[in-house]
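Since the structure comes first, as structure tokens, the remarks are kept for the end.
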Amino acid sequence: MHDKKIRLGILISGRGSNMQALVQACKDQDFPAKVSCVLTNNSCAAGLRFAENEKIPTIVVADKPLDICRIHAILVKYRVDLVCLAGFMRILKADFLEKWKNRVINIHPSLLPAFKGLNAQEQALKAGVNMTGCTVHYVTPEIDSGSTILQYSVPVFPDDDLHTLSERILFVEHKCYVEAIKLIAKVKLCN
Ligand code: GRF
């Protein structure tokens, strides 16, 4: 068993299936991370109920514009080491990212640098590629442009539609996020 685990703060806006995958992975006593808190900008986020049921501290920060100072204070309060964006649909400003440099990661449903931004699965279908996937990457002020931690690929079949392709990508997203945390933990816990 790891005597020290990295503490995750997971930020969600909706369904939260990636958050759920991380929570499940953290139940393994040999997994090198634990979830300190789940934070959302959306009080109706479906993922919130899951986190509450798991007795994970949940916090709603619904301020518009996003209250970055409040988010920072919450992450400090819960002694978060690594901020994991998991379908968090708000932009984090540069000054926040500077404070949390190399400690904010995101999962994106494409093989970056291909198909940045919204609707990446739809972009892949329109482009007619035969391979796409997902990327876990560090978050920098320029959207979907920070360095890559891990990528998993999936095939695109001729009869795919948005639903079938999105499901295939989501399946590997859950595995990719968990493996990416292991990679980061290996480096962090050795230093
Ligand atoms: C995922 O496809 C993720 O790659 C993207 O937003 C979606 C979030 O899904 N950033 P979920 O809320 O984790 O189910």
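Each value in this text was obtained by applying a stated rule to the coordinates, not by laboratory testing. All of these numbers come straight from a predicted model, not from anything done at the bench. We place every Cβ from the backbone using ideal geometry, glycine too, and count neighbours over all the protein chains shown.
Quick notes
- Computing FRET efficiency as 1/(1 + (r/R0)^6) for E167 and K116, where r is the C-beta to C-beta distance and R0 is 22 Å, gives about 0.55.
- Normalised by the number of residues in the chain, the average gap of Cα pairs under 8 Å and 6 or more apart makes the relative contact order 21 percent.
- In the range 49-145, trypsin sites (Lys or Arg not before Pro) in a DSSP loop with at most 15 other beta-carbon atoms within 10 Å: K55, R79, K93, K101, K116
- Using a Förster distance of 25 Å, the FRET efficiency for E98-E179 (Cβ separation, nearest 0.05): 0.35
- In a fully extended conformation the segment linking M131 and V187 would gain 17.2 nm over its present Cα-Cα distance, using 0.36 nm per residue.
- Choice from C26, C37, C84 showing the highest fluctuation, given a GNM over the chain with Cα pairs closer than 10 Å: C26
- Note on S147 and C69: their simple-model spin labels are 3.3 nm apart, each label 7 Å out from Cα toward Cβ.
- Non-local lysine pairs in the range 1-138, meaning eight or more places apart or on different chains, with alpha-carbon distances under 23 Å, amount to 28.
- Here is the list for the range 128-191: GluC sites (Glu not before Pro) lying in DSSP coil, each with at most 15 other C-beta atoms within 10 angstrom of its C-beta, are E142.
- Each Lys and Arg Cβ is given +1 and each Asp and Glu Cβ -1; about its Cα centre, the chain then shows a dipole of about 780 debye.
- Hits among aspartates and glutamates - C-alpha to C-alpha of K182 under 16 Å, sequence gap 8 or more where chains match: D3, D28, D30, D81, E173
- Leading residue at positive end of dipole, the chain (Cβ point charges), from A124, G14, P158: G14
- Amide H within-cut-off set for I149, under 5 Å, with H built and near neighbours excluded: V136, H137, Y138
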